[in-house]
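The values are calculated or read from the model by the stated rules, or taken from the named source; none is laboratory data. What you are looking at is a predicted structure, and each value in this text was computed from that prediction instead of being measured. Here the Cβ positions follow ideal geometry from the backbone for every residue, glycine too, while neighbour counts run over all protein chains shown. SASA here: full protein model, heavy atoms, side chains in, ligands and nucleic acids out. Shrake-Rupley method; radii C 1.70, N 1.55, O 1.52, S 1.80 Å.
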Amino acid sequence: MKDSKQFVQENKQRLLDELIELLKKPSISADSAYSQDVINTAEAVKESLEKAGCDIVELCETPGYPIVYGEKIIDPALPTVLVYGHYDVQPADPIELWTSPPFEPVIKTTDLHPDGAIFARGACDDKGQMYMHVKAFEYMIANDALPCNVKFMIEGEEEVGSVSLGWFVKRNQEKLKNDVILISDTGMISNEQPSITTGLRGLSYVEVEVTGPNRDLHSGLYGGAVANPINVLTKMIASLHDENNHITVPGFYDKVEELSREERDEMAKRPFSLEDYKQKLDIDDVYGEAGYTTNERNSIRPTLDVNGIWGGYTGEGAKTVIASKAFAKISMRLVPNQDWEEITELFKKHFESIAPAGVRVEVKPHHGGQGYVTPIDSIGYQAASKAYTDTFGVTPIPVRSGGSIPIVALFEEELGSKSVMMGFGLDTDAIHSPNEHFGVFNYLKGIETIPLFYKYYTEMMK
Ligand code: BES
Ligand code: MN
Ligand code: MN
């Protein structure tokens, strides 16, 4: 029986080639022009699970994209691990900023990835990380090293809010029954200092629309005499933060969980260089809520950000015009105890209330989800910690992430089990950005580490 390290060494090229094939499929869930590609990707994931050794693999139909479900039950008396991941990816634009085409994966070296990184949309988020689980499972089956039952649930709508997965989970509680949920869709501090994600932020995503006159107007003939929706919208948005960068929506902070001094001191112990952070982003300073550090601002504190804003003339040259409408997409990242539907309501009420006479404002809720925190004394966390310690030679640090995977809170609600978030990506891997990549080291380390999680988890559950 080989160990997972040997397996990775002996199969390195094949493991990379197979992931590269999967990354060629443009499974962009947000854009219906790619719907056939999304479905083809689901098929490919299904085949990979069949080949790896699942007894049952199905494409489960939903109102949206199918969910790939697979299982290998070796003994109903043993624990069951449910693996969650997603096969959909973010849109690739702005495409002109990619140094190689987003769906033609290539391996290039970077400062942080001297052994090379695979550049492609979805390389890290989440095809590469999801596929580590398929390959780790393949290893366990081929080497008689699977110590417990496994179920796979790989969805195709994570990047657009997991609506169909919510529908599926509510209808399949028995089928999805498990002892722990295992997810690789987050990151870690660095290749030298692994970490395990113990928290995710919640999310409320809204679109706002400001309407002024019934048509676009000549900005000379009418300018100064009617409300300009773009001027008004930007002013309203600017008022959403005060001079300390606190969010001004009344009630927004009412339920925010405040961490104790001890918890914050503990957090501050993680290795972090502000100089390095600024340098990697080419910024001369950081910016954010007064009274909090950078790592607090991006994890334990809620935020409000404009994600996109448009209206009026943006083509070549100049056009003198007062637009009839202006729009923005706004996301609010939430922390434990804030309820996303309640926050959405508070935002809507406030935003409508600050609209001046002369415009109409509409707030359209888009999607959202609750935040999540998980304890480090659970068997799942402890097993993951031991697994990383074996393969990295360093004990992983628990870290609360600023990102969101809204479905994780719903898993706990509907299935009653905790999620263990074993991420292997780096924050600098440019997920959702041009030139997304995933380190070859990280991909292979993931495949090596995951089987050890199964081993320790099963042992510790006895
Ligand atoms: N995998 C990410 C979330 C993530 C990345 C969490 C890194 C922690 C560390 C996920 O695919 C994602 O992008 N989620 C969205 C929310 C979703 C509702 C579109 C997000 O966080 O913006
Ligand atoms: Mn993801
Ligand atoms: Mn994502």
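Highest mean packing first, where packing is the average number of other Cβ atoms within 10 Å per residue, the peptides 312-323, 249-260, 121-132 line up as 121-132, 249-260, 312-323.
Max-minus-min Cα coordinates of segment 1-147 on each principal axis give 53, 43, 20 Å, with the largest extent listed first. Calculate what fraction, in whole %, of the accessible area of segment 311-462 sits on carbon and sulfur atoms when a 1.4 Å probe is rolled over the protein chains. Carbon with sulfur: 52 percent of the solvent-accessible area.
Taking 21 Å as the cut-off for C-alpha to C-alpha distance, list the pairs among 24/280; 329/364; 235/364; 72/175 that go past it. Walk me through the intermediate numbers first.
Numbers: 24/280 28 Å; 329/364 9 Å; 235/364 19 Å; 72/175 12 Å.
Listed pairs above 21 Å: 24/280.
Protection proxy ranking, highest mean first, for peptides 420-433, 205-218: 420-433, 205-218, where packing is the per-residue count of other beta-carbon atoms within 10 Å, averaged.
Entry comment: accessible area of the chain is 44 Å² per residue, from protein heavy atoms only and a probe of 1.4 Å. Only helices enter the 222 nm calculation for the chain: every DSSP H run of n ≥ 4 contributes -39,500 (n - 2.57), and dividing by all residues gives -10500 deg cm²/dmol, rounded to 500.
Taking a ≥ b ≥ c as the square roots of the Cα gyration tensor eigenvalues, segment 345-427 comes out prolate, since a/c reaches at least 1.5 and a/b is larger than b/c.
Report, in order of residue number, the helices in the chain meeting two criteria: a C-alpha extent of 30 Å or more along the helix axis, and a mean Kyte-Doolittle hydropathy of at least -1.0; treat each whole DSSP H run as one helix.
Values: long enough: 440-461 (32 Å, 0.15).
Helices meeting the span and hydropathy rule in the chain are 440-461.
Report note on the peptides 179-189, 297-307: ranked by the mean count of other C-beta atoms within 10 Å, highest first, their order is 179-189, 297-307.
For the chain, a/c is not less than 1.5, where a ≥ b ≥ c are the root eigenvalues of the C-alpha gyration tensor, and a/b tops b/c. That puts it in the prolate class.
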